[in-house]
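The values are calculated or read from the model by the stated rules, or taken from the named source; none is laboratory data. Model, not experiment: these values are computed from the prediction. Every residue, glycine among them, receives a Cβ derived from its backbone with ideal geometry; neighbour counts consider all protein chains shown.
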Amino acid sequence: MSSATSGVNDLIRVVLKTTGRFVEAFADALRTGLDDDQAVVGEWEDAPDQWTVDAYCEGHPDLAPARNQVDRVASALGIAAPEITLEEIAEKDWVAESQAALHPIPAGRFFLHGSHDRAARRAGCHNIEIDAGQAFGTGHHGTTLGCLIALTNVLKGIAPRRMLDVGCGTGVLAIAAALHRKRMVVATDIDPVAIKVTLENARKNAVSQTLRTVVAAGLDHPAIQASGPYDLILANILAGPLKRLAPGIRRAARPGARVILSGLLPTQEARILSAYRDQGFVFETRYRISGWSTLVVRRPD
């Protein structure tokens, strides 16, 4: 799941409350209004049909453009504009705090650990060393665990030659695929910091020769297209981007390809599956871990 954070930050949380009917429209409005490469926007269901759209920013963002975008969307929908509030988050050394709390964890054929736990490596597993840092994804989140377990099971049935990780974060999924298959993996992210971290982690895990990175939003970048079509695509992001990327993922997927989708709540599964079925994909299975869902779909031969 891709995002960007810093080690020691004065973080500000921008909060907007809405209903499931309008959540995507207001999430897009907030994302457009903030227009900040360091803002990470997410959508969360607090209770049935009660949603929070929030963004984490470094420092105090200018809310006027965001409020204008939200007001414009609300006017178009014919409803009252939701309030936007700010919450200050106490300054901490988030990296040090995260690393201290992380512990080694098995996930399918993979065993994830930080540099402080190298002695815990396991024989017979693909050991992956990932430290908490400037990009999202140490492997401890339910979405990443779900993807790694899905990847383990998918690779029991297919031998993909071309693989793509969309929204790579720290690169953990791309590294896992490269370790397991010893084949080239294309890892993409909208955030240059994530790509930098992915390259560092690829070197640390001895797969830099089989990992190609691309800074890109979506799947239309020439380097992504030139390496396709893909037999396996991983996308651990958020529900909104997953839905928007469905046509691009279909174009990038070879007939017979498997696609692993995550970054979802169970309540978001139906609309994501609907979006991918509209593109001709067939549902295969789901995994639910720590309140998060991972879906596996297939493009028919």
task: Determine whether region 242-258 contains at least one residue that is in contact with a Cys (Cβ under 8 Å, 6 or more places away or on another chain) and either among the acidic types (Asp, Glu) or not assigned by TED's automatic domain parsing to the domain that holds Val23 (or both).
output: no
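Please work out which residue is farthest from Ile130 (Cα to Cα), limiting yourself to region 197-211 and to residues that are surrounded by fewer than 16 Cβ atoms within 10 Å (Cβ to Cβ) and free of Cβ contacts under 8 Å to residues at least 12 places away in the same chain.
Among them, the one singled out is Gln209.
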task: Count, please, the residues in region 119-157 that happen to be at pLDDT 75 or above, in a strand (DSSP E or B) and touching a Ser or Thr at 6+ places or on another chain (Cβ under 7 Å).
output: 1
message: Any residue in region 233-246 that is without any contact (Cβ under 8 Å) to a residue 60 or more places away in the chain and at negative phi sitting within a Cβ distance under 9 Å of a residue that is surrounded by fewer than 22 Cβ atoms within 10 Å (Cβ to Cβ) and outside any helix (DSSP H, G or I)? List the pairs, counting only those 6 or more apart or interchain.
response: Arg244/Gly218; Ala246/Asp278; Ala246/Gln279
Residue list for region 213-236, restricted to those being crowded, with 16+ Cβ neighbours inside 10 Å and assigned to a strand (DSSP E or B): Thr213, Val214, Tyr230, Asp231, Leu232, Ile233, Leu234, Ala235, Asn236
query: So which pairs qualify, if the first residue must be in region 48-62 and over 11 Å from Phe26 (Cβ atoms), the second must be at pLDDT 85 or above and among the hydroxyl-bearing types (Ser, Thr, Tyr), the Cβ gap must be under 7 Å, and the two must be at least 6 apart or on different chains?
result: Asp49/Thr19; Gln50/Thr19
statement: Taking region 44-64 and keeping residues in a helix (DSSP H, G or I) and either at pLDDT below 75 or surrounded by 14 or more Cβ atoms within 10 Å (Cβ to Cβ) (or both) leaves none
query: Considering only residues of region 280-297 that are surrounded by fewer than 18 Cβ atoms within 10 Å (Cβ to Cβ) and touching a Lys or Arg at 6+ places or on another chain (Cβ under 9 Å), which is farthest from Ile149 (Cα to Cα)?
result: Gly280
query: Before we move on, is Val41 more than 16 Å from Gln268 (Cα to Cα), among the β-branched types (Val, Ile, Thr), in contact with a Lys or Arg (Cβ under 8 Å, 6 or more places away or on another chain) and modelled with pLDDT of 55 or more?
result: yes
- prompt: Can we say Val193 is under 30 Å from Gly114 (Cβ atoms), in contact with a Cys (Cβ under 9 Å, 6 or more places away or on another chain) and either buried (at least 17 other Cβ atoms within 10 Å of the Cβ) or of a type in the set (D, E, K, R) (or both)?
  reply: no
query: For Ile260, are the conditions met, namely being in contact (Cβ under 8 Å) with a residue 12 or more places away in the chain, surrounded by 16 or more Cβ atoms within 10 Å (Cβ to Cβ), of a type in the set (A, V, I, L, M) and in a strand (DSSP E or B)?
result: yes
message: Condition first: part of a strand (DSSP E or B) and of a type in the set (A, V, I, L, M). Can you find one or more residues in region 247-254 that meet it?
response: yes
